Amino acid sequence: MDDILKKLLLEEEQHQFDKFNEDTAWKIGSWLVDYATSNKLPITIDIRRGDHQLFHASRPGTSADNDEWIKRKIRLVKRTGHSSFYIGQLLKSKGKRIEEMLLISESEFAPHGGCFPIILKGSGVIGTITVSGLAQEEDHKVAVLAIKNYLEEN
């Protein structure tokens, strides 16, 4: 379990931005839509800087439930500064529920994969990139893949 947690923290360290604006969100979001379309993935995508939603798209097979999952995942990332998958795995490694460890309600904060912090080098977390609709580990992987792709191309 420690290996998974270390890997997830390393992802956060390695996937940071020099700058992040509306154009960045558009490029990442558009890539995600193309990726989801070509792989027939039923996902909802949400990209925010602070509370400002810069990109949102839903693919066939999703519902309003995905938007609720996204809200709960975002709240957790904003609260902790870590990916929602990392927090879920941390809780699992400790054998605790979110209510016990962080004193917050799972009905408001979702410790499930899919929301990744937008980290600006030298500044910290400034927003979130969230994917919802697949198994939580897959949601996480798709979000990280989009960031990795963007950073490699830019």
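Values quoted throughout were computed directly from the atomic coordinates according to the rules given, and no laboratory measurement underlies them. Just so we're clear, the structure is a prediction, and the values are computed from it rather than from any experiment. Note: ideal-geometry Cβ built from the backbone for every residue, glycine included; neighbour counts use all protein chains shown.
A straight Cα-to-Cα reach below 30 Å connects LYS19 with the lysines LYS6, LYS7, LYS27, LYS71, LYS73, LYS78, LYS121, LYS141, LYS148, residues fewer than 8 places away in its own chain not being considered.
Order these by the 10 Å Cβ neighbour count, fewest first: LYS40, LYS71.
Listing LYS40, LYS71 from fewest to most nearby Cβ atoms yields LYS40, LYS71.
In region 91-123, which trypsin sites (Lys or Arg not before Pro) are in a loop and have at most 10 other Cβ atoms within 10 Å, using DSSP for the loop call? When the trypsin sites (Lys or Arg not before Pro) of region 91-123 are filtered for loop state and at most 10 Cβ neighbours within 10 Å, LYS121 remain.
Ranked for footprinting exposure by Cβ neighbours inside 10 Å, fewest first, HIS56, HIS140 give HIS56, HIS140. Here are some values of Rg/Rh (Cα atoms, Kirkwood Rh): (i) 0.97; (ii) 0.94; (iii) 1.08. Which one was computed from this structure? Checking each listed value against the structure points to (ii).
For region 22-78, the square roots a ≥ b ≥ c of the C-alpha gyration tensor eigenvalues yield an a/c of 1.5 or more together with a/b not exceeding b/c, which makes the shape oblate. Percent antiparallel among DSSP beta bridges with both residues in the chain, to the nearest 5? Counting only bridges with both partners in the chain, antiparallel ones make up about 90 percent. In a simple Cβ point-charge model (Lys, Arg +1; Asp, Glu -1; nothing else charged), the chain has a dipole of about 220 debye relative to its Cα centre.
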